[in-house]
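Working notes, structure below.
Just so you know, all these numbers are worked out from the coordinates, no wet-lab data involved. Keep in mind that what you see is a predicted model, and the values were worked out from it rather than measured. Please note: Cβ atoms are built from the backbone with ideal geometry, for glycine as well, and neighbour counts cover all protein chains shown.
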Amino acid sequence: MRRMNIQSLFDLRFVRHVGRLVRVYWRSPAGRRGALLLLGAVLLELVAVYGNFLLSVGERHIMDALQERNGIEFLGAIGFFAAAAAGFVLVSAWRIYLRQLVEIRWRESETAEYLRLWMSDRAYYQMHLHRDELDNPDQRIAEDIRDFVASALGLALSLLSAFATLVSFGGLLWTLSRDWAFPIRGHVHVPGILLWVALAYAALST
């Protein structure tokens with residue numbers, strides 16, 4: 001069995017293989033239609049992040065109204081929060097639907113292409129020459145492509161969502177504590193202290 005270390009895992013050959021896997025679908029006619037679905041999934045990811053932002057704003061308005069004992073503002077904040085929550089639920093459902101639709105179409109196209117390569121030129125006859133090395137190649141093709149597509153799509157959209165969340169909520173924390181200078185030793189001030197505390201907490205918890 002060939003041994004693989006960390007350096008050989010992420011070398012230029014690895015990058016070429018990943019690029020080939022991605023190009024199989026996204027450069028095909030089906031990939032052009034899938035690009036529209038992917039664009040919709042990306043937009044819904046961003047809208048979902050914005051929905052989370054609106055929910056946090058609604059919670060703040062509710063707490064402010066309770067603190068000020070203002071019944072009219074409290075009812076308005078409750079209505080705003082309910083509308084934002086309903087919209088967030090709808091967007092989240094469509095976001096999951098589009099993501100899974102892109103994943104299914106990508107898997108179908110990729111699996112069909114590699115099965116075609118496996119069946120072309122009667123490559124399956126190689127099983128008779130390498131019985132100890134090959135084990136259910138058609139099943140392995142389907143499973144490996146499923147794992148690759150799910151990981152690639154899930155990681156890409158999750159990173160996008162995480163970056164958008166960092167920007168939106170980081171901006172909110174900076175705005176809330178921008179003028180709140182935190183004195184250190186009487187002469188050093190740290191503006192936006194809430195943002196730095198949140199980043200430090202995230203780094204330590206990670």
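Using the Cα atoms as the points, what is the convex hull volume per residue of the stretch 6-164 in Å³? Don't jump to the answer; show the numbers that get you there.
Values: hull volume 24.1 nm³, N = 159.
Per residue, the Cα convex hull of the stretch 6-164 comes to 151 Å³.
From the phi of every residue in the stretch 32-40, what ³J(HN,Hα) in whole Hz does the Karplus formula 6.51 cos²θ - 1.76 cosθ + 1.60 yield, where θ is phi - 60° and glycine or proline is x?
5, 5, x, 5, 5, 5, 5, 4, x
Got a sec to turn the phi values of the stretch 159-167 into Karplus ³J(HN,Hα) couplings, 6.51 cos²θ - 1.76 cosθ + 1.60 with θ = phi - 60°, whole Hz, x for Gly and Pro?
Going residue by residue, I get 5, 4, 5, 5, 5, 5, 5, 4, 5 Hz, with x marking Gly and Pro.
Could you list the trypsin sites (Lys or Arg not before Pro) in the stretch 13-121 that lie in coil according to DSSP, counting only those with at most 12 other Cβ atoms within 10 Å of their Cβ? Don't skip to the end; give the middle numbers.
Numbers: sites: 13, 16, 20, 23, 27, 32, 33, 60, 69, 95, 99, 105, 107, 116; in loops: 27, 69.
Here the sparse-neighbourhood loop sites are 27, 69.
First measure r as the distance between the Cβ atoms of residue 146 and residue 169, then evaluate 1/(1 + (r/R0)^6) with R0 = 25 Å and state the FRET efficiency to the nearest 0.05. Mind showing how you got there, number by number?
Values: r = 33 Å, r/R0 = 1.33.
Result of the calculation: an efficiency of 0.15.
Between the stretch 52-66 and the stretch 89-123, what is the C-alpha centre distance in whole Å?
Value for the Cα centre distance between the two parts: 40 Å.
Can you figure out the FRET efficiency of residue 117 with residue 92, using R₀ = 30 Å and their beta-carbon distance, to the nearest 0.05?
Efficiency, rounded to the nearest 0.05: 0.20.
How large is ³J(HN,Hα), in whole Hz, for each residue of the stretch 79-92 in order, when computed from phi with the Karplus curve 6.51 cos²θ - 1.76 cosθ + 1.60 and θ = phi - 60°, using x for Gly and Pro?
Going residue by residue, I get x, 4, 5, 5, 5, 5, 5, 5, x, 5, 5, 5, 5, 5 Hz, with x marking Gly and Pro.
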